[in-house]
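To start, the structure under review is shown below, and the notes come after it.
The values are calculated or read from the model by the stated rules, or taken from the named source; none is laboratory data. All values derive from a computational prediction rather than experimental measurement. In this analysis, Cβ positions are derived from the backbone assuming ideal geometry, glycine residues included, and neighbour counts consider all displayed protein chains. Ligands, DNA and RNA are excluded from the accessible area calculation, which covers all protein heavy atoms including side chains. Shrake-Rupley method; radii C 1.70, N 1.55, O 1.52, S 1.80 Å.
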Amino acid sequence: MSTKQRPAKNQPGKADNSTRNLILGIVGGVLGLGLIVWLAFAIANEGSSEDAVAFGQVTVEGADLPFFDASATDPAVGVTAPTVTGEDWNGNQYTIGADGRAKIVVMLAHWCPHCQRELPLIQNWVDSGGLPEGVDLYGITVLTNRLRDGSTYPPSTWLEGAGWTSPTLMDDEEQSIVSAYGLPSTPTYVVLGPDNVNLGRVAGEIGTAGLDAIAQIAAGSLAG
């Protein structure tokens, strides 16, 4: 008795499953590679010593000074500036407020070519005794951005490389100090009296003559 051999049935399910498994394997491999790259990037940047000293913890008490248009007269002369507390890259804390001493505050961006030219000039001026008695100079690093100039990031390396000696505060990522002093550009100088009243703001490179001029304004506020 003969038996008819039945033709093999088509099994589309197995073919579909193989294709599906292949696709899932490729997708899974791509996702896995992406996850590995992301984790490597995250680990490389997590706890980076450079990032740790690029921004500070900042407290601002009081109303911000209005925005300063560098092409016009400062509208906030005579207005009390907010009290600003911050820290440098070594964790030293400083407060700029009404403490009976006049102050010159200079805001610097590490990537700014004007700041890069002005910084050594300021330091030479300080070293030569340019600051009058009773007047302090504070630096503030602002608008910090690694992508703008990686060679001067974090700003501490740039400042230390120039032999910077003045107490310095690092602005935070929210740019609280920029807002507090109404920064128009960098560098910007803010001259404060002993009662923390704004005596005037100046933007741009001012040179030694400009430093002498604002130092005299600061010192003059102590006479009263």
Within the under-15-Å Cβ sphere about A219, not counting A219, Lys/Arg +1 and Asp/Glu -1 give a net charge of -2
Kirkwood Rh in Å, taken over region 53-195 so that all alpha-carbon pairs contribute: 15.3 Å
Summing Lys, Arg as +1 and Asp, Glu as -1, what charge do residues with Cβ under 13 Å from the Cβ of D136 carry, D136 excluded? 0
Region 76-206, accessible area per residue, ligands and nucleic acids excluded (1.4 Å, Å²): 38 Å²
Carbon-plus-sulfur fraction of the accessible area of region 116-224, 1.4 Å probe, in percent? 49 percent
On the principal axes of its Cα set, how long, how wide and how thick is region 116-224? Give whole Å, largest value first. 46, 30, 21
Would you kindly work out the equivalent ellipsoid of region 74-137 from its C-alpha gyration tensor and give its semi-axes, the square roots of five times the eigenvalues, largest first in whole Å? 21, 16, 15
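Net charge around A102, counting only other residues with Cβ within less than 13 Å of its Cβ (Lys, Arg = +1; Asp, Glu = -1)?
Summing Lys and Arg as +1 and Asp and Glu as -1 gives -2.
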Measure out, as a whole number of angstrom, how far apart the alpha-carbon centroids of region 66-94 and region 209-224 sit. 17 Å
For region 170-224, what percent of Cα pairs sit more than 19 Å apart? 36 percent
